[in-house]
Amino acid sequence: MTAENTQDPLVIFTPSGKRGRFPKGTPILTAARQLGVDLDSVCGGRGICSKCQVQPQFGEFPKHGVTVTPDALSEWNKVEQRYKDKRGMKEGRRLGCQATVQGDVVIDVPPESQVHRQVVRKEATARAITMDPATHLYFVEVAEPDMHEPTGDLERLAVALRDQWGIEKVTANLSILSRLQPVLRKGKWQVTVALNKDHRDDAARIVEIWPGLTEDRIYGLAIDLGSTTIAAHLTDLRNGEVKVSSGVMNPQIRFGEDLMSRVSYAMMNPGGAAEMTNAVRNAINGLTEAIATEAGIRPFQILEAVFVCNPVMHHLLLGLDPVELGQAPFALATSESVTLDARDLDLTVMNENARVYVLPCIAGHVGADAAAVALAEEPNKSDDLVLIVDVGTNAEIQLGRKGRVLACSSPTGPAFEGAQISSGQRAAPGAIERIEIDPVTKEPRFRVIGCDLWSDEEGFAQAVAATGITGICGSGIIEAVAEMRMAGILDESGLIGSAEQVGTPRCIPEGRTHSYLIHDASATGGPRIAVTQGDIRAIQLAKSALYAGARLLMDEMGVDRVDRVVLAGAFGAHISTRHAMVLGMIPDCPLDKVTSAGNAAGTGARIALCNIGARAEIERVVREITKVETAIEPRFQEHFVAANAIPHKTDPFPELAKVVTLPNVSFNTGGGEGATGGRRRRRRG
Ligand code: FES
């Protein structure tokens, strides 16, 4: 940068506030670069990409001490006019590479022209994502070959990238090399390249190449690979916008519903792990295809993928045998993050050169999905003590504040997702998702997914005629059990009372226990939806595991209370926090301090996709998280047994008591077992 001359016009950029004096005739893009102002450019100032658009401001600016006259910038030129005619440009905008400084001027850089723009998140707990992805597009003019100075096309491309963009080192694999020559010639020695450079790379790799200036946008997939579902967000790598989100069931379910049964499948069947690896990779390929079709893009435009998953899914995705994860000391093949090519994972639908980043795992039971939750929710930066519960087939729990974060996982099983429940089903149209039970009449009313009306409202029958009422999903069963407890249909030990004890014919005997009937369409061939004693038992086991895990972390931290609770997980978003607390899924806490973070693991994946600094950050943060192993901790069993009661046998729930009074009923007539006591006593011999 040349020394500033006080006679030169002053250029002030907003919103950054950066300012400097530049000789008349300096392009705005040049001034921006010299001041380190975040102004985008793909074509390098050739007036063809329009990424450098700015909005000059005219008039008096007392705050900045300048007056900007209408002639502060050079006149609108042919290049700008051509662009405007072809593509359109907002009123008042100029191309930063074309407009030059003529007088003092204030230049606003709109968000879409900033490379490191902030992405607005829709989720409740907004953590802004700053765009700094690993993959960027660059347009370059490459020198033509010269017989007298023989160099290869790749070498001349590398020189062009160095001279025109300051990129010192680039590499290209054989697939790029094989296309390089025709593309360079087709583009008449002008090409756009997509370069990928991760936080650990010292060279940028060419992952795609187009003749001329490409119109294509480039995308990444943020993938939350769960035991039950695979969810992916197709994200625009320029602005972080999620273009399409979609999901499929994890086809590995046919090898076992939960993680441990999949590990056993790998142990018992030669080639079993490879079979599961193939199944999940095929499903990801199918999902990629479907998402690209839905978004109207070509799959080769997908140049990156970031995965978050639990340790078993992590190993099965990477093609590693998960058997060590099934037994103490639960050793991972690697806990570090992994970066590799999509083709190494047989992910053949996205671009063959796409780069895949898998977040680091915290430990043998606490995976990259928990790391992603930590990235999204930042317990390590919290001033108050926060408990984060990612509810899934395996609950992953973190407790911490600035200075110390603990993590564990707890085997809740799939009951919270509606599995192992007699009328349970996936959250899909027709599933009961909300339920209320009148404490006096013991009559239920409910809502099903796909219909906004309650079942006792007019028009409900017609509104659900198409979907029917098909079962209860995870959030529905949590509400049902909590409502049954609040209405006195269920006692503290988890026993459902008889029709006489409760005072409703909806309590129906089934063997030695009872069920509570919610909806009966059996007369017309429809389903009969009830909550059975077995369902209550499954929910009790799941919630006890969750609570015991949280309690174990609280012991370790030396506390009896947490300041706030965050429910995460795709399913966590739908749980009623009040019902979760009545059930005793989570420790007592003021209800307004219990929030839902939606799919925090998916958000963490998006953050890591959009910002390579976040990858470096989470790799550092996971090393500082203390892992607590529930499986070998004797107190876990004690906490588990005490947490069996609803909400809890011994722990007080003073905050809950302020808002809900639970009836003091007992249905144990002496002869029968408590809802879960019999089974557990038998199991423990
Ligand atoms: S930098 Fe590409 S049009 Fe200005």
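The values are calculated or read from the model by the stated rules, or taken from the named source; none is laboratory data. These numbers come from a predicted model, not from an experiment. Heads up, the Cβs are rebuilt from the backbone with ideal geometry, glycines too, and the neighbour counts pull from every protein chain shown. Heavy atoms of the whole protein, side chains included, go into the accessibility calculation; ligands, DNA and RNA do not. Shrake-Rupley method; radii C 1.70, N 1.55, O 1.52, S 1.80 Å.
Laid out as a table, the results:
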{"read-out": "Candidates Ser422, Ser455, filtered to the one that is within 21 Å of Gly525 (Cα to Cα) and open to solvent by 60 Å² or more (accessible area, probe 1.4 Å)", "value": "Ser422"}
{"read-out": "Count of residues meeting criterion [buried (at least 24 other Cβ atoms within 10 Å of the Cβ), under 34 Å from the mean Cα position of the chain (by Cα) and part of a loop (DSSP other than H, G, I, E, B)] in the stretch 465-505", "value": "1"}
{"read-out": "Matching residues in the stretch 57-78 - criterion: being within 26 Å of Tyr138 (Cα to Cα) and surrounded by 14 or more Cβ atoms within 10 Å (Cβ to Cβ)", "value": "Asn77"}
{"read-out": "Some residue of the stretch 1-17 being among the charged types (D, E, K, R) and in contact with a Phe, Trp or Tyr (Cβ under 7 Å, 6 or more places away or on another chain)", "value": "yes"}
{"read-out": "Subset of the stretch 162-194 (residues that are under 16 Å from Glu208 (Cα atoms), part of a helix (DSSP H, G or I) and in contact (Cβ under 8 Å) with a residue 40 or more places away in the chain)", "value": "Ser175, Ile176, Leu184"}
{"read-out": "Residue under evaluation Asp108, criteria (1) away from the ligand (no atom under 11 Å from the Cβ); (2) loosely packed, with under 12 Cβ neighbours inside 10 Å, criterion not met", "value": "(2)"}
{"read-out": "Test: residue in the stretch 449-470 that is in contact with a Phe, Trp or Tyr (Cβ under 9 Å, 6 or more places away or on another chain) and closer than 21 Å to Ile646 by Cβ", "value": "no"}
{"read-out": "In the stretch 349-360, the residues that are modelled with pLDDT of 95 or more and either open to solvent by less than 10 Å² (accessible area, probe 1.4 Å) or not β-branched (Val, Ile, Thr) (or both)", "value": "Met350, Asn351, Asn353, Ala354, Arg355, Val356, Tyr357, Val358, Leu359, Pro360"}
{"read-out": "Filter result for Asn611 (open to solvent by 10 Å² or more (accessible area, probe 1.4 Å) and touching a strand residue (DSSP E or B) at 6+ places or on another chain (Cβ under 6 Å))", "value": "yes"}
{"read-out": "One residue from Val42, Val54 being farther than 14 Å from Gln102 by Cβ, open to solvent by less than 70 Å² (accessible area, probe 1.4 Å) and part of a loop (DSSP other than H, G, I, E, B)", "value": "Val42"}
{"read-out": "Matching residues, the stretch 29-61, being within 6 Å of the ligand (Cβ to nearest atom) and free of Cβ contacts under 8 Å to residues at least 24 places away in the same chain", "value": "none"}
{"read-out": "Residue in the stretch 93-101 that is open to solvent by less than 50 Å² (accessible area, probe 1.4 Å), away from the ligand (no atom under 11 Å from the Cβ), at pLDDT 95 or above and over 25 Å from Leu137 (Cβ atoms) present", "value": "yes"}
{"read-out": "Subset of the stretch 466-502 [under 19 Å from Arg426 (Cα atoms) and either out of contact with any Gly (no Cβ under 7 Å at 6 or more places or on another chain) or free of Cβ contacts under 8 Å to residues at least 24 places away in the same chain (or both)]", "value": "Ala466, Ser475, Gly476, Ile478, Glu479, Ala480, Val481"}
{"read-out": "Boolean, Leu399 is touching a helix residue (DSSP H, G or I) at 6+ places or on another chain (Cβ under 7 Å), buried (at least 20 other Cβ atoms within 10 Å of the Cβ), over 25 Å from Gly220 (Cβ atoms) and modelled with pLDDT of 95 or more", "value": "yes"}
{"read-out": "Test: residue in the stretch 252-272 that is in contact (Cβ under 8 Å) with a residue 24 or more places away in the chain, within 22 Å of Gln114 (Cα to Cα) and not aliphatic (A, V, I, L, M)", "value": "no"}
{"read-out": "Filtered residues of the stretch 227-254 (kept if open to solvent by 20 Å² or more (accessible area, probe 1.4 Å) and over 23 Å from Val42 (Cβ atoms))", "value": "Thr228, Thr229, Ala231, His233, Ser245, Ser246, Gly247, Val248, Met249, Pro251, Ile253, Arg254"}
{"read-out": "Every residue from the stretch 16-28 that is within 15 Å of the ligand (Cβ to nearest atom) and open to solvent by 30 Å² or more (accessible area, probe 1.4 Å)", "value": "Pro27"}
{"read-out": "Test for Leu553: is it farther than 29 Å from Trp454 by Cα, in a helix (DSSP H, G or I) and modelled with pLDDT of 95 or more", "value": "yes"}
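Here is a yes/no grid of residues against (1) open to solvent by 10 Å² or more (accessible area, probe 1.4 Å); (2) not in a loop (DSSP other than H, G, I, E, B):
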site	(1), (2)
Val280	no, yes
Glu294	yes, yes
Leu303	no, yes
Val312	no, yes
His315	no, yes
Pro329	yes, no
Thr334	yes, no
Thr339	yes, yes
Leu347	no, no
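Let's see how each residue does on (1) surrounded by fewer than 22 Cβ atoms within 10 Å (Cβ to Cβ); (2) not in a helix (DSSP H, G or I); (3) not aliphatic (A, V, I, L, M):
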{"residue": "Gly526", "(1), (2), (3)": "yes, yes, yes"}
{"residue": "Asp535", "(1), (2), (3)": "no, no, yes"}
{"residue": "Ser544", "(1), (2), (3)": "no, no, yes"}
{"residue": "Gly549", "(1), (2), (3)": "no, no, yes"}
{"residue": "Asp560", "(1), (2), (3)": "yes, yes, yes"}
{"residue": "Val582", "(1), (2), (3)": "no, no, no"}
{"residue": "Met585", "(1), (2), (3)": "no, yes, no"}
{"residue": "Ala597", "(1), (2), (3)": "no, yes, no"}
